[in-house]
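Following: one structure in structure tokens, then a few remarks.
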Amino acid sequence: MLERAPRPQPAVDARILRLLAALEGIILGKRAQLELALACLLARGHLLIEDLPGVGKTTLAHALARALGLQFARIQFTSDLLPADILGVSVFDRSGSRFEFHPGPLFAQLILADEVNRATPKAQSALLEAMEEHQVTVDGVTRRLPEPFFVVATQNPRHQVGTFALPESQLDRFTMRIELGYPAHEAERALLRGEDRRTLIGALAPCVSAADLTELQRAVHRVHAADPIVAYVQALLAASRAPGRYREGLSPRAGLALVRAAQAWALLRGRDFVVPEDVQAVLPAVAGHRLQALDERASAPAAELLQSVAVP
Amino acid sequence: MPRAVPTLAPRTLLGLLGALSLAILPHLFFGAPQFALAALTAVGLRAWLAQQGRDRPGRGIVAVLALLALAAVFLSYHRLTGRDPGVALLLLMTGLKALESRTLRDGMLASFLGYFVVATGFFYSQSMLVALYLALVVAAQTSALIALAQGAHGPPRGVRLRTALLLLLQSLPMMVVLFVLFPRLPSPLAGLAQPGAALTGLSDRMTPGEFSRLALSRAPALRAVFAGPPPPADMLYWRGPVLWHYDGRSWSPGTAGRLMPGHYQAQGAALPYTLLLQPTGTPWVPALELTAQAPPGTRLGAGHVLTADKPIDRLTRYDLAAYPQYTLDAALPRAERRAALQLPPGAAPQARALAAHWRAAAPDAAAVVQDALNYIRTRGFRYTLTPPPLAGDPVDDFLFRTRAGYCEYYAGSFVVLMRAAGIPARVVTGYQGGEYNPLGHYVLVRQADAHAWAEVWLAGRGWVRVDPTAAVPPNRVDLNVTDALAGLPERGLLPMEFAAPVLRRLSLLWDSANFYWNDWVLGYGAERQRALLARLGLADWGASALILGMVGSLAALALLYAALYAWRARSTPAPLEAAYARLLKRLARRGVTRLAHEGPNDFIVRAARRFPAAAQELHAVNALYVGARYGAAAPTPAAQEIERRIAALRLDPPAHKK
């Protein structure tokens with residue numbers, strides 16, 4: 001986050017402020033990550049949270065669901081998880097003499113796919129297809145998933161044992177990847193002294209209605225991205241595709257995600273148009289998991305990308 | 001007023017009035033100063049009213065004033081046409097239009113009148129300085145016109161002036177095309193030339209006091225461009241009127257009109273040169289001695305004086321050749337001899353006695369000439385521009401009592417002495433010497449170089465030039481009047497500028513600029529146009545072909561500009577970006593540079609931290625820019641607003657970190 005001079009900020013939608021306040025009550029001292037997560041969901045994107053176990057990934061996903069008033073389902077990914085365990089199965093109903101579909105946990109509005117990289121690629125792809133299409137096909141019948149549909153996946157760092165790293169094509173489906181990190185000293189103390197997070201989440205009342213959420217998502221679409229902003233995003237994409245920098249450049253989908261996320265970020269700032277800083281603010285989260293520097297020593301490919309492109 | 005007529009904003013009106021005043025101002029020194037003053041008063045009155053927040057005077061008052069103006073012009077000139085009455089009328093009406101200006105339409109009309117006022121300035125002076133001033137006035141007028149056209153929300157004055165100057169610059173090629181190709185009239189526009197008015201120069205009468213007035217005039221008389229190095233100063237005798245007749249007091253050509261031109265025999269090599277003559281209102285062409293052939297439009301008259309067919313009323317250019325070695329009138333016709341020996345009866349008895357004494361003792365005429373020169377050299381004669389007054393017979397009083405005077409005293413007395421000794425002699429007036437301008441490679445002859453010398457006719461040699469003044473102070477002939485006077489007590493009479501070498505150099509520079517202006521701009525007449533076109537291979541172009549060529553060139557220029565404009569429109573930033581770029585430039589100059597990858601909001605936070613006093617304004621300007629560039633609103637008004645606020649922005653020195 002950039003430091004801002006104290007001056008009148010444009011009016012931010014009260015619902016957004018309420019949401020952020022509620023989430024901050026649960027996840028302490030992680031304002032930036034909360035904003036990114038919220039922006040991601042308002043942009044109708046899926047969120048990947050990558051971090052060590054126990055830093056609050058699950059809590060964040062759960063709190064998001066509660067605050068947004070969404071139907072929540074959690075899928076714990078394990079190495080023996082089968083696609084059917086996610087999607088659901090058709091069971092023969094004797095009395096009706098026909099197959100009846102028993103929807104799996106995927107049929108919820110906010111899915112927490114916990115430790116998604118512990119599952120086999122087969123199970124992963126079942127989830128990821130659903131993420132893209134917002135629908136699943138079981139036994140030749142296509143079924144719509146509920147709206148809105150969010151996937152918040154958590155993943156342990158790749159070097160941990162027993163993980164199947166998500167391939168690039170799968171990673172690309174997540175609009176953002178964020179890292180939570182250890183809490184700050186003060187925040188951790190408050191966490192240790194405070195009430196159990198689970199209790200707090202249970203007590204958390206929805207801050208927005210389903211209609212509010214839809215409206216906010218529509219508002220994101222209406223945020224104006226002027227020609228210079230589109231040009232800026234294109235310049236960033238082009239720079240990422242320049243030979244010799246990254247293993248693979250950013251996809252058009254990544255570009256679209258960048259624009260949407262920047263629009264959502266602008267809405268979070270109370271603006272009805274995107275400024276270059278919005279793009280810059282969301283770029284590390286949007287591009288971080290899609291870019292792999294060819295130079296192994298490079299630590300922050302997204303930041304490096306930003307530095308190399310002039311703001312038009 | 002119920003009608004929705006666009007009125008002038010006070011700022012716009014004041015700008016217009018200022019430009020009008022600048023246009024009227026030079027007329028205070030031209031043909032109709034009293035009317036220029038009246039017009040200025042009207043403009044000033046309107047400005048005062050505007051500043052008081054008051055409206056224009058009523059239409060009735062203005063109508064009465066207009067009638068009064070008409071009457072005043074008519075009473076002054078007894079007509080309403082012609083140069084001076086026309087200009088006076090234009091000035092007054094411009095002033096009154098300015099006085100009654102309220103609406104945009106009034107302003108436009110007054111502005112166009114202002115352009116006409118500028119043009120009329122050239123009726124009176126075409127000097128480089130005036131042209132330069134009037135060009136600047138055109139820029140001011142155009143700036144005011146832009147303000148009129150763009151209304152109260154137009155760009156600030158600096159931007160407008162820049163645009164106006166740019167427009168002026170862009171019109172320069174068109175001006176050159178018009179100047180070069182426009183068919184030249186063989187004579188100036190009727191009624192524009194006013195011969196004889198306020199011109200100084202040679203006269204065909206030589207009376208005491210006249211040359212001293214010229215000697216103080218720094219005004220240029222002529223300039224001469226030599227192909228090679230200029231001849232030495234003691235060869236530079238510029239021959240003007242030859243005076244034959246002496247009436248006991250003053251010299252005049254007398255019956256010279258009836259005399260025949262002399263017989264001329266050139267010796268040695270010719271010295272070609274170009275003479276640029278300032279307007280004098282007289283027909284004399286002071287050419288270097290001695291001209292072999294009269295150029296077109298001139299003739300050689302009695303005493304081998306070159307005269308133009310008409311009085312010279314504008315800068316005129318002659319291509320001449322001089323033969324420094326010559327024989328003039330090897331045989332002297334009787335009429336000439338009589339005229340060259342004329343003396344009024346009873347004049348200068350002492351001088352006659354002296355001459356007779358010399359004549360009796362001398363073997364030939366040349367010896368008498370030497371006797372006279374020796375007399376001047378050895379009897380304490382003094383050169384001064386403020387000689388003591390002469391009493392009684394002027395020649396005798398000068399030769400035997402005062403012995404102080406300037407060239408005409410010496411030349412006149414010398415000729416009287418010669419004639420008394422029976423030697424045909426005459427006075428020649430003109431200019432002597434001149435200042436070589438190494439910057440322009442020409443010789444400048446000023447009015448101060450006016451001179452008078454003598455010619456005596458010696459058997460077998462013809463007319464021989466004798467400069468008796470040269471016998472007095474030896475440096476009189478070698479140097480020009482200014483230098484000669486520098487060591488004399490009368491120095492205080494001369495302007496300061498002669499003293500300082502730096503100023504002198506500047507004055508040389510200024511004169512060469514004027515020389516080129518005269519030579520290339522004012523001297524570009526029908527003759528030179530023809531020559532230039534011939535050099536371009538267009539010798540047989542008539543006036544209609546010239547006009548066609550002119551129109552064609554202008555159309556080509558217009559197309560070129562259109563193409564340039566289209567190209568620039570694609571390659572230059574829109575006004576908004578340009579305005580923002582100016583803000584960045586200002587901040588960068590104060591040490592806060594925006595990084596290429598830095599967003600505008602991040603940057604302005606950084607800049608505001610450096611300039612805390614301007615922080616609020618910086619944020620406001622930035623918000624305007626960001627809103628216009630990235631928002632959905634139209635960017636143009638914001639660009640102008642940003643432009644204005646950037647211009648007003650004060651950046652105090654950056655706060656130093658401890």
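Table for the structure above
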{"item": "Qualifying residue in the range A:251-265 (condition: outside any loop (DSSP other than H, G, I, E, B) and of a type in the set (S, T, N, Q))", "result": "yes"}
{"item": "Residue check for residue A:300: of a type in the set (A, V, I, L, M, F, W, C) and assigned by TED's automatic domain parsing to the domain that holds residue A:70", "result": "no"}
{"item": "Strands (runs of 3 or more DSSP E) within the range A:135-187 that include 2 or more residues in the same structural domain as residue A:84 (by TED's automatic domain parsing) and of a type in the set (S, T, N, Q)", "result": "A:135-138, A:150-155"}
{"item": "Helices (runs of 4 or more DSSP H) (entirely within the range A:1-106) containing at least 3 residues that are free of Cβ contacts under 8 Å to residues at least 60 places away in the same chain", "result": "A:14-26, A:31-42, A:83-87"}
{"item": "Residue match in the range A:238-255 (condition: polar (S, T, N, Q), assigned by TED's automatic domain parsing to the domain that holds residue A:277 and surrounded by 17 or more Cβ atoms within 10 Å (Cβ to Cβ))", "result": "yes"}
{"item": "Entirely in the range B:352-445, the helices (runs of 4 or more DSSP H) that have 3 or more residues that are aromatic (Phe, Trp, Tyr)", "result": "B:407-420"}
{"item": "Single residue of the range B:506-531 satisfying the filter (surrounded by fewer than 14 Cβ atoms within 10 Å (Cβ to Cβ) and either over 15 Å from residue B:440 (Cβ atoms) or in the same structural domain as residue B:319 (by TED's automatic domain parsing) (or both)) that is modelled with the lowest pLDDT", "result": "B:526"}
{"item": "Candidates A:280, A:234, filtered to the one that is assigned to a helix (DSSP H, G or I) and closer than 25 Å to residue A:50 by Cα", "result": "A:280"}
{"item": "Test: residue in the range A:109-119 that is in contact with a Gly (Cβ under 6 Å, 6 or more places away or on another chain) and in a strand (DSSP E or B)", "result": "no"}
{"item": "One residue from A:215, A:248 being away from chain B (no Cβ under 14 Å), among the charged types (D, E, K, R) and in a loop (DSSP other than H, G, I, E, B)", "result": "A:248"}
{"item": "Members of the range B:272-306 found to be surrounded by fewer than 19 Cβ atoms within 10 Å (Cβ to Cβ) and assigned to a strand (DSSP E or B), listed by number", "result": "B:272, B:274, B:299"}
{"item": "Elements of type helices (runs of 4 or more DSSP H) contained in the range B:557-658, each with 1 or more residues being within 14 Å of another protein chain (Cβ to nearest Cβ), at pLDDT 85 or above and buried (at least 20 other Cβ atoms within 10 Å of the Cβ)", "result": "B:600-610, B:615-630"}
{"item": "Number of the condition not met by residue A:181 [criteria: (1) surrounded by fewer than 17 Cβ atoms within 10 Å (Cβ to Cβ); (2) within 17 Å of the chain's Cα centre (by Cα); (3) over 17 Å from residue A:37 (Cβ atoms)]", "result": "(3)"}
{"item": "Neighbours by Cβ (under 6 Å, 6+ apart or cross-chain): first from the range B:94-121, under 11 Å from residue B:56 (Cα atoms); second assigned to a helix (DSSP H, G or I) and among the charged types (D, E, K, R)", "result": "B:98/B:46; B:99/B:46"}
{"item": "In the range A:259-312, residue farthest from residue A:247 (Cα to Cα) [restricted to those that are of a type in the set (Gly, Ala, Ser), crowded, with 22+ Cβ neighbours inside 10 Å and away from every other protein chain (no Cβ under 14 Å)]", "result": "A:264"}
{"item": "The one condition in (1) more than 36 Å from the chain's Cα centre (by Cα); (2) part of a loop (DSSP other than H, G, I, E, B) that residue B:537 fails to fulfil", "result": "(1)"}
{"item": "Evaluation of residue B:87 against (1) within 30 Å of the chain's Cα centre (by Cα); (2) surrounded by fewer than 20 Cβ atoms within 10 Å (Cβ to Cβ); (3) not in a loop (DSSP other than H, G, I, E, B) (one fails), failing number", "result": "(2)"}
{"item": "Selected residue (criterion: surrounded by the fewest Cβ atoms within 10 Å (Cβ to Cβ)) from residues of the range B:45-75 that are without any contact (Cβ under 8 Å) to a residue 24 or more places away in the chain and among the small types (Gly, Ala, Ser)", "result": "B:60"}
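The values are calculated or read from the model by the stated rules, or taken from the named source; none is laboratory data. Only a predicted model underlies this, so the values are computations on that prediction, with no experimental measurement involved. So basically every Cβ, Gly included, is an ideal-geometry build from the backbone, and we count neighbours across all protein chains shown.
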